[in-house]
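Comments concern the structure below.
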Amino acid sequence: MRKTKQRDVILRVLSEHMDHPGADTIYEEVRKFLPRISLGTVYRNLDIMSESGAITKLEIGGSIKRFDPVINPHPHFRCVKCGSIEDLPFEINKSLFSDKPDNWDNGRTIQNLNIEYTGLCISCNGNSHS
Ligand SMILES: [Zn+2]
Ligand SMILES: [Zn+2]
């Protein structure tokens with residue numbers, strides 16, 4: 001099985017799941033197309049793909065790693081009740097990236113920026129009022 005084929009399938013599966021799935025969920029979906037792939041291979045590919053910038057690994061609250069096909073930095077909303085993670089529909093202020101003092105990253109390798117809002121999602125909010 002060619003590695004590029006595996007990554008193509010993983011990327012396609014991830015792009016169809018905008019709810020920031022964990023590796024286990026991605027594995028279950030990828031298996032429908034590549035029945036012989038192992039969970040370890042999926043984990044490895046997800047790591048390689050996030051290191052190369054093809055996908056985003058979310059390092060935000062919660063215990064499991066989640067993955068995101070959107071690679072532009074964008075804010076997330078995490079529900080503290082059900083654990084769902086949604087994209088919030090606005091862009092992170094560009095000044096966080098561009099209006100930096102010279103050499104602010106000198107000696108560092110900046111890999112990611114996480115902005116996470118927390119609270120109750122629409123359905124949990126609704127349930128708590130009913
Ligand atoms: Zn919720
Ligand atoms: Zn996202």
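The values are calculated or read from the model by the stated rules, or taken from the named source; none is laboratory data. All values derive from a computational prediction rather than experimental measurement. Reconstructed Cβ throughout: ideal geometry from the backbone, glycine too, with neighbour counts over all protein chains shown.
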Handout entry: Condition check for R78: surrounded by 13 or more Cβ atoms within 10 Å (Cβ to Cβ) and either assigned to a loop (DSSP other than H, G, I, E, B) or within 12 Å of ligand 2 (Cβ to nearest atom) (or both)
Key = yes
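Per-residue answers, yes or no, for (1) in a helix (DSSP H, G or I); (2) basic (K, R):
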site	(1), (2)
K5	yes, yes
I10	yes, no
V13	yes, no
D19	no, no
E29	yes, no
K32	yes, yes
R44	yes, yes
Completion exercise
Among S52, S128, S98, the single one that is modelled with pLDDT of 90 or more and away from ligand 2 (no atom under 16 Å from the Cβ) is S52
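Select from region 18-53 the residues that are within 11 Å of the chain's Cα centre (by Cα), surrounded by 15 or more Cβ atoms within 10 Å (Cβ to Cβ) and in contact (Cβ under 8 Å) with a residue 40 or more places away in the chain and write down the one among them that is farthest from C121 (Cα to Cα). Before the answer, list the steps.
Quick first cut of region 18-53, residues within 11 Å of the chain's Cα centre (by Cα) only: 18-23, 46, 50.
Right, trim to surrounded by 15 or more Cβ atoms within 10 Å (Cβ to Cβ) and you get 20-23, 46, 50.
Keeping just the survivors that are in contact (Cβ under 8 Å) with a residue 40 or more places away in the chain gives 20-23.
Details: H20: 15, P21: 17, G22: 19, A23: 22 Å.
Selected residue: A23.
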Problem - Restricting region 3-17 to residues that are among the basic types (K, R) and at pLDDT 95 or above, the residue that is surrounded by the fewest Cβ atoms within 10 Å (Cβ to Cβ) - result: R12
